[in-house]
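Chemist: Here it is, the structure in full.
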Amino acid sequence: MWTGASVARGEHAVVVGRPEALVAGLAVLADRGSRAVARVWGRPVDAVVLVPATDADAAALAAPARVEGLAALAGAARVIVEPSGFARLSRAGRQIVLTHELTHVATGAAVHAGVPAWLVEGFADYVGYKDSGLPVAAVAAELAAAVRASGRAPAALPGPDDFAARPPEAYEGAWLACRYVAEGFGERALVALYRAALREGLDRALRDTLGLTISELTLRWRAYVRAELAPGPP
């Protein structure tokens with residue numbers, strides 16, 4: 001698979017794959033992403049970024065996880081790029097996706113099963129979008145359309161079934177949940193929530209860091225979603 005592959009080394013990443021220009025560019029983006037992770041998580045992340053030549057090779061590397069339909073996938077200490085999905089992204093999109101996946105590497109998302117999907121994915125998107133300059137309406141466009149069409153926010157924080165059935169809306173809702181925590185309680189509280197959830201589960205982590213139950217957080221998140229995506233009279 002790696003015969004003739006190029007290798008580019010950054011300060012915090014080693015990128016292996018082809019073509020050479022993409023590999024060199026990803027080393028730069030990965031170092032930038034690692035610094036973005038450090039600004040939120042508290043320390044940079046070191047990772048290997050694998051850029052296989054074909055989608056079939058990416059699927060083989062990711063197995064038993066599935067990379068089809070994604071631009072990249074994080075494992076333990078590595079990120080696998082899915083060539084066709086990644087090729088469709090703009091440079092800004094590539095930075096966001098790579099930073100998102102590096103956040104997963106930093107938090108150990110691939111090896112810790114106890115943290116709920118909305119916090120895992122929402123936190124990674126929070127870090128990925130933090131310095132992008134993109135407005136909320138652009139990042140959460142599909143959820144915004146759904147909220148305007150129904151006149152209400154989703155009833156519950158997105159779970160695994162939502163990520164499977166309606167991925168864009170689920171990711172956007174998860175991002176807004178973490179954005180709400182960072183804006184309402186401070187970014188340090190968001191990081192503390194994630195770290196506490198790793199140690200002791202979500203319910204206790206919410207009580208210890210935010211003083212909330214999951215029901216209370218959900219109500220506040222729903223109000224935040226409505227305010228951000230469907231502003232106007234209640």
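Chemist: Would a scan of the stretch 40-53 turn up a residue that is under 21 Å from GLY173 (Cβ atoms), of a type in the set (Val, Ile, Thr) and at pLDDT 95 or above? Let's see the steps before the verdict.
Modeler: Just the residues of the stretch 40-53 that are under 21 Å from GLY173 (Cβ atoms), to begin with: 40.
Now drop any that are not of a type in the set (Val, Ile, Thr), which leaves 40.
Narrowing the set further to residues that are at pLDDT 95 or above leaves 40.
For the stretch 40-53, residues under 21 Å from GLY173 (Cβ atoms), of a type in the set (Val, Ile, Thr) and at pLDDT 95 or above: present.
Chemist: Looking only at the stretch 104-124, how many residues end up being of a type in the set (Val, Ile, Thr), farther than 15 Å from LEU193 by Cα and either buried (at least 23 other Cβ atoms within 10 Å of the Cβ) or free of Cβ contacts under 8 Å to residues at least 12 places away in the same chain (or both)? Lay out the reasoning, then the answer.
Modeler: Of all residues in the stretch 104-124, those of a type in the set (Val, Ile, Thr) come to 105, 107, 111, 115, 120.
Checking the rest, the ones that are also farther than 15 Å from LEU193 by Cα come to 105, 111.
From what's left, either buried (at least 23 other Cβ atoms within 10 Å of the Cβ) or free of Cβ contacts under 8 Å to residues at least 12 places away in the same chain (or both): 105.
Number of matching residues: 1.
Chemist: Another question, then. Pairs please, first residue from the stretch 175-200 and charged (D, E, K, R), second anywhere and part of a helix (DSSP H, G or I) and exposed (fewer than 15 other Cβ atoms within 10 Å of the Cβ), Cβ atoms under 8 Å, 6+ apart in sequence or on different chains.
Modeler: Short answer, once both residue conditions are applied: GLU200/ASP208.
Chemist: Looking only at the stretch 14-38, which residues are without any contact (Cβ under 8 Å) to a residue 60 or more places away in the chain and within 30 Å of ALA189 (Cβ to Cβ)?
Modeler: Within the stretch 14-38, ASP31, ARG35, ALA38 qualify.
Chemist: If a residue must be assigned to a helix (DSSP H, G or I) and either in contact with a Ser or Thr (Cβ under 7 Å, 6 or more places away or on another chain) or surrounded by 17 or more Cβ atoms within 10 Å (Cβ to Cβ) (or both), how many such residues does the stretch 210-232 contain?
Modeler: Count: 8.
Chemist: A further question on this structure: Among what's in the stretch 80-92 and is more than 22 Å from ASP57 (Cβ to Cβ) and of a type in the set (Gly, Ala, Ser), pick the residue that is nearest to the chain's Cα centre (by Cα).
Modeler: ALA92
Chemist: Further question on the same structure: Would a scan of the stretch 31-45 turn up a residue that is closer than 30 Å to ALA192 by Cα, in contact with a strand residue (DSSP E or B) (Cβ under 6 Å, 6 or more places away or on another chain), crowded, with 19+ Cβ neighbours inside 10 Å and among the aliphatic types (A, V, I, L, M)?
Modeler: no
Chemist: What pairs come out if I take residues in the stretch 203-219 that are in the same structural domain as ALA182 (by TED's automatic domain parsing) and pair them with residues that are exposed (fewer than 13 other Cβ atoms within 10 Å of the Cβ) and assigned to a helix (DSSP H, G or I) whose C-beta lies under 7 Å away, six or more apart or interchain?
Modeler: Listed pairs, sorted by first residue: ILE214/ASP203.
Chemist: Would you please name the residue that is surrounded by the most Cβ atoms within 10 Å (Cβ to Cβ), looking only at residues in the stretch 125-166 that are among the β-branched types (Val, Ile, Thr) and in contact with an Asp or Glu (Cβ under 7 Å, 6 or more places away or on another chain)? It would help to see each step written out before you state the result.
Modeler: Our first condition is that a residue be among the β-branched types (Val, Ile, Thr); within the stretch 125-166, this holds for 127, 136, 139, 147.
Right, trim to in contact with an Asp or Glu (Cβ under 7 Å, 6 or more places away or on another chain) and you get 136, 139.
Values: VAL136: 16, VAL139: 20.
Checked the stretch 125-166; the qualifying residue surrounded by the most Cβ atoms within 10 Å (Cβ to Cβ) is VAL139.
The values are calculated or read from the model by the stated rules, or taken from the named source; none is laboratory data. Computed from a prediction, not measured in an experiment: that's the story for all the values here. Here the Cβ is made from the backbone with ideal geometry for all residues, glycine too, and neighbour counts use every protein chain on show.
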